[in-house]
């Protein structure tokens, strides 16, 4: 069978608004992303895609396993991906694909391979490997640095994670096609940007200084501004300390990071296309969650707002790029949990019976998808007691159920800025009331917050001890050398290198203990 290769391009913290293809719409930002725009023009753009938890590690574990966060134990950024759970990588690998993960995956503990056969470069220490800046600043990890120090990167460009991920991806693909030309491959190139630090090469910072950037699409205010979760989120992220000048400079940094990432992806695709490696390759682009970027008076993520839960999702097939199948756009809400069954569909691999998502193949072929509820959760009370939530999106409407806080509901077609809580207004049309009531029932029936607590503590509470990493967390990104050595990547030492382990196999867990 001529099964396609799959190139999975994953970024971090990319808001759905920041695509050049959306720039002309009221919800879009005027940002340059010609590479992603080209994939949209030669693929399928899922305009209303949602992550299943707006936080790095939980979203990635859910995406990899095709399970909702509670089912796969995706609770917080320290969560461990249980090695006994099948992932899209292990399923494809078992079916004859050669698989590799290159770059960031932000998994906790020693279970770092996530079902992939190879991890030549990335954050294998059990802690995220962001290249924090400023590199000479001892406070570079603090919350305030994220916005206050946005600007030109102080890292040589050849050493930036994005450049390394792109180079190692090209190298891995070329090696696989030379060693085993008859086998299909699945490569996940996972980039850090546009996640903070909001730094980029000078050319992109200068570009947006010249052209200017916009104010946030949604100003502080609205019915939910004083909601307990909204207040807790602003307080937790120290949003009140960010004045207007700092906010706009940080937004400029975010615009620049998005465009720089697009440039890197463009270079990567051109190199693979030139060698013919994309002739039979499905290309997927998405991110783990969005970015508030000053909207609603807050930054970062981990809330119910569309800015941090709604993400870009693009699938481009060889047939679409050859114009044998038409490019198209799908406005039916979907979730990143749908990617596992979708990629398994391309690879002709059976989907696990407990997988949550659905195959998006019919929409990619130009057909329609049924409207089904899409959920997004935060399952621990980061923003105060009772602020855990389940968000449900179906059709034009969004409903947010909290563990112990007032619920919220919005009509996203008429109110894309999420300013009017429909539940605060009693004069709803019968069809609107019926739609909101249906989402409310789904939110109430589909999750039990008390049961969630039990699963987190009784089922998964010991995972961080069982799969504790023995590697020093401060080392960040590592190379896995051909010899098997794990070498500190960010010391920039090639010959006088800092070896943190003699063998990946000695410190990494591939199977359950």
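The values are calculated or read from the model by the stated rules, or taken from the named source; none is laboratory data. If you're wondering where the values come from, they're calculated on a predicted model, not measured in any experiment. Please note: Cβ atoms are built from the backbone with ideal geometry, for glycine as well, and neighbour counts cover all protein chains shown.
Restricting the range 133-152 to residues that are part of a loop (DSSP other than H, G, I, E, B) and either surrounded by 20 or more Cβ atoms within 10 Å (Cβ to Cβ) or touching a strand residue (DSSP E or B) at 6+ places or on another chain (Cβ under 9 Å) (or both), which is modelled with the highest pLDDT?
Going through the qualifying residues, I end up with 150.
Residue by residue, here is whether (1) surrounded by fewer than 18 Cβ atoms within 10 Å (Cβ to Cβ); (2) assigned to a helix (DSSP H, G or I) holds:
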residue: 154; (1), (2): yes, no
residue: 190; (1), (2): no, no
residue: 206; (1), (2): yes, yes
residue: 222; (1), (2): no, no
residue: 225; (1), (2): yes, no
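Kindly indicate the residue of the range 392-407 that is touching a residue at least 60 places away in the same chain (Cβ under 8 Å) and surrounded by fewer than 24 Cβ atoms within 10 Å (Cβ to Cβ) and also farthest from residue 455 (Cα to Cα) among those meeting that condition.
That would be 395.
Quick one: count up the residues across the range 471-486 that are farther than 19 Å from residue 156 by Cα and at pLDDT below 90.
Taking the range 471-486 first, the residues farther than 19 Å from residue 156 by Cα are 471-474, 480-486.
Okay, now just the ones that are also at pLDDT below 90, so 471-474.
So the answer is 4.
Condition first: under 23 Å from residue 398 (Cβ atoms) and in a loop (DSSP other than H, G, I, E, B). Now tell me which residues in the range 20-60 satisfy that.
25, 26, 27, 28, 29, 47, 48, 51, 52, 53, 54, 55
Being in contact with a strand residue (DSSP E or B) (Cβ under 9 Å, 6 or more places away or on another chain), closer than 24 Å to residue 75 by Cα and surrounded by fewer than 24 Cβ atoms within 10 Å (Cβ to Cβ) narrows it down to one of 286, 309, so name that one.
Unique residue meeting the criteria: 286.
Do we find a residue being touching a helix residue (DSSP H, G or I) at 6+ places or on another chain (Cβ under 7 Å), under 14 Å from residue 411 (Cα atoms) and either exposed (fewer than 13 other Cβ atoms within 10 Å of the Cβ) or at pLDDT below 95 (or both) anywhere in the range 427-446?
yes
Restricting attention to the range 452-473, and to residues there that are surrounded by fewer than 17 Cβ atoms within 10 Å (Cβ to Cβ), in contact (Cβ under 8 Å) with a residue 12 or more places away in the chain and out of contact with any helix residue (DSSP H, G or I) (no Cβ under 8 Å at 6 or more places or on another chain), which single residue is nearest to residue 76 (Cα to Cα)?
464
Cβ contacts < 9 Å: first residue at positive phi and free of Cβ contacts under 8 Å to residues at least 12 places away in the same chain, restricted to the range 260-277; second residue in a helix (DSSP H, G or I) and buried (at least 17 other Cβ atoms within 10 Å of the Cβ), any location; separation 6+ or different chain. Result?
Listed pairs, sorted by first residue: 276/177.
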